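Each remark here refers to the structure printed beneath this line.
The values are calculated or read from the model by the stated rules, or taken from the named source; none is laboratory data. Fair warning: this is a prediction, and the values are worked out from it, not measured in the lab. Quick reminder, even Gly has a Cβ in these numbers, built from the backbone with ideal geometry, and neighbours come from all protein chains shown. Each accessible area value is taken on the protein alone, full model and side chains, heavy atoms only, with ligands, DNA and RNA left out. Shrake-Rupley method; radii C 1.70, N 1.55, O 1.52, S 1.80 Å.
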Amino acid sequence: MKFQIEVTKILEVLSTKIYDSPYALLRENVQNAYDAILVRRYRSPETFSPRIDVKISANSIDVTDNGIGMTPEELKNHFWRAGASGKNTPEAIAAGVVGTFGIGGLANFGICRKLTVISESASNNIRTKCQANRDTLSLEEDCISEENLAPLNEPGTKVIAELLSDHIIDIAGATNYLETFVKHLPIPVYINGTLASMHPLEESCPPEGGAAWSRDIKKIKADSCECNLKFRISESGIVWIEMDSIILNENPIKGRVLLKQGIGQIMAFTSGFGLARTGVYSSYSFGGVANLEVLQPTAGRESLTAASVQVLQSLVSSAEQMIAPIIADSPYVDMNTSFMGWAAKRNRYELLGNLKVALLPTDKKTTLKEIGDLSTKLHINYYKGVDESVASAFTSEETPLIRISRSNPRARCEVEYLARYTKASLVSGEPQVLKVQPKTAWNREEAALAFKLGQILESDYFLKVKVQFGRITHNLSLLIKDDVKPPILTLDSNNTAIKNLLQCYNSDFVVFNKFTKDFVRTIVFPRISHLVPSSTREGAEAFLKRLRRQRDVFEYDVTEIKRLDDVIADFVKGKTTFSKAIDAALVAAQKQQQVVSIQDIQTVASVMPDIVESQRVLIRSQSESEDVSYSAFEAKPALHRSDVETEAKILVLDDSEIMYGFKGLLRLSDKAYVDRADFFFQPHFTEMIWGGQRIIYIFRHAAGIFGFYYDIQLNELLSIPPGGHSYETMTVILKNSVFLPIPSTLFQYFTPRKKEKKRFDVRYDILYPES
């Protein structure tokens, strides 16, 4: 028997360096064992009790199943033939098998020195033993031994992989890793004698501390999705939902989805077998578990196909629409800020009638819906400002006053509902320009600042404004009048932030230009974002047309294919051993990875010496302002330093320079930069999730109709628990690159030690939250 290779498939296998760790090999062999059991159970559901036994030692992996087994012909044509899967048959698909790519025994030899397979087929009870050594694999000569054994009348397969000496297994780490993938399998899986499977799906995503309020709804619909929905909300306002009997785009999807607010990441399963953690963007930071037969893994990687991620995104977006009226009717609507944010983004203010506000002077808690009724009987005022004297002047028993919340999105929700659905009156206590300074009275610094601000807003944000100086109330640095064309931007020269800018013009003109750009991004943009074309839905849809290029992120250019083809050709001709062919192919494919050495690291200060101090000044100015429009983690433009370039892959912040919890910056991969850098020129939100061997960035466009995910797979397991978080947007755009922020808690996984290199694979794509 000879080892057989189909070149077109092996190119893809070798070039993506799929099975490069014992963990990946372990997961793949257990997945194959489960697939064999699924097929046997499909054929004869009542005739056997399925079981998988996994034995892990420091230098070997032993996986035994009592599945369908393989005949000698199946071993030859499927297991020992790369790229030829036996799982693409109608029977296997109907059985719900997990893997269909068909790499077979070849997958083991990335890290395996010897492979032994013993299999007894349920079809004919022939029992066969095969064995191969990595160093003697060949296309020209028989290199796989084959031996017929006496049948035991016990169908199944045992795969024993003996590892290379430089791939020692951490047994505890491997066990914990594998448990993530098998814990919800409906059959017994034993790891070194301990049962690791058959846990209910709810164990990975339980409701928050018991449900304080619940609803169960059959055949609820939103967009192109229909499902049965279980809804639970806790006393603290945390939402948990279950979706089953799902129909998406008129196609039934077998399985269940459990989502919980605040988790931020979804562990995907198919037929109960774990595939990968992934992220979708959600107003509620929904995460949890999804066990759906439609989900598919990428070839050998711990990740999902782009189509599978999009399925999850569509389900989560539909779920958010389904639960909106349910939350709106619940007694805990006041507790859920995420719901308020969702309603504000989608202009669904009619759902906010059960929000409660305090009526002064009695401080009586009253719903906005009740305010609507009361306002037809007596005069009610509402006040958005912070001046106590103004509030007191408009408050009495006969004329109650509502003090609007100081934080968004609640403030915006209260104001919009009162303005649209009640007869309450807005108190004129808003910030205003007391006196406008004539242009003839501007000094040189003021004229320069006005010109620079107008230039930045028009060139970077496509917004033409009239800039003027004047005295502004409420200690504000600026005020925008947006009901005229062009909008008028008034600056107060007596405000600390404006003073700093004016002084900077005299002291360092180069820094002045950069500082002004940062001022626009941090202080101006949150107040004018509704006017910026790229932040509107219409502007976003126009921009999206430029991003919709159908392209596989792992597609190779002609030179890469030629280089890999040459490697295979040399192997076929006997000019190189199989081991060397694998090594050479992996070297040829390193363009698909980001590789970081100690030489690729620079400090932020050495590349952008001004950025830390300018951000600190702006953060102080922001905190001193009485304007209530700012909220943490809202959409922001990137920081621009278009005159700066660097070849560094990691930029490090000193411990004393850490901002917003970020320790450094990661360079976007070269392919992602060429393909998707345009996205980062638009205002966006920043979220991250992590777990297992993966860290995923999720960037949401300000308009909310699409986003960008950047999926990084490490060559090591994270030592911190899985998690997720929203972050301040701190993307940095340089002349030749885009840098993404790295939180302090994850920084160690991107930075190598001396004489070490960090390698990680990258996938990226555009996500569409709306079906």
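Numerical summary
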| quantity | calculated |
| --- | --- |
| Gain upon complete extension [GLU141, SER507; 0.36 nm per residue less C-alpha separation] | 124.1 nm |
| Efficiency of FRET between ASN153 and ALA307 - r from beta-carbon atoms, R0 51 angstrom, step 0.05 | 0.75 |
| Separation between Cα centres of segment 197-248 and segment 704-771, rounded to whole Å | 30 |
| For segment 144-156, Karplus couplings with θ = phi - 60° (6.51, -1.76, 1.60), whole Hz, Gly/Pro x | 10, 6, 9, 9, 7, 10, 5, x, 9, 6, 10, x, x |
| Of LYS671/LYS758; LYS218/LYS384; LYS219/LYS636; LYS221/LYS423; LYS345/LYS485, pairs whose Cα-Cα distance is over 30 Å | LYS218/LYS384; LYS219/LYS636; LYS221/LYS423 |
| Net length gained if the chain between ASN77 and ILE217 were fully extended (0.36 nm per residue, minus Cα distance) | 45.5 nm |
| Under the Karplus curve 6.51 cos²θ - 1.76 cosθ + 1.60, θ = phi - 60°, whole-Hz ³J(HN,Hα) for segment 228-237, x wherever Gly or Pro sits | 8, 10, 10, 10, 9, 9, 8, 4, 8, x |
| ASN59 versus HIS379: modelled label distance in nm, points set 7 Å from Cα along the beta carbon direction | 9.1 |
| Segment 670-771: trypsin sites (Lys or Arg not before Pro) in DSSP loop, at most 16 other beta carbons within 10 Å | LYS735, ARG753, LYS754, LYS755 |
| Cut-off under 5 Å, modelled amide H: who pairs with SER375 long-range | LYS423 |
| Simple label model, 7 Å out from Cα along Cβ direction - THR367 to SER396, nm | 3.1 |
| Accessible area per residue, Å², segment 201-339 with all protein chains present, probe 1.4 Å | 34 |
| Calculated FRET value between VAL484 and ILE658, using beta carbons and R₀ = 41 Å, to 0.05 | 0.45 |
| Integer Hz, Karplus 6.51/-1.76/1.60 couplings in order for segment 721-729, x for Gly and Pro | x, x, x, x, 6, 8, 10, 4, 6 |
| 1.4 Å probe accessible area per residue over segment 349-426, in Å² | 51 |
| Inter-label distance, nm, simple model (7 Å from Cα along the C-beta direction), MET198/ASP244 | 2.0 |
| Within the accessible area of segment 105-219 (1.4 Å probe), percent carbon and sulfur | 47 |
| Chymotrypsin sites (Phe, Trp or Tyr not before Pro) restricted to segment 654-751 and DSSP loop, no more than 14 other C-beta within 10 Å | none |
| Amide H contacts of VAL738 (H built 1.01 Å from N, under 5 Å, at least 5 apart or other chain) | LEU668 |
| Extension gain (nm, one decimal) between LYS757 and SER44, 0.36 nm per residue minus Cα-Cα | 251.7 nm |
| Qualifying GluC sites (Glu not before Pro) for segment 105-164 [loop in DSSP, other Cβ within 10 Å: at most 13] | GLU140, GLU141 |
| Protein accessible area in segment 334-458, 1.4 Å probe - carbon and sulfur % | 50 |
| ILE168/SER606 FRET efficiency (R0 60 Å; Cβ-Cβ; nearest 0.05) | 0.95 |
| Length-normalised contact order for segment 201-339 - Cα pairs under 8 Å, 6+ apart - percent | 20 |
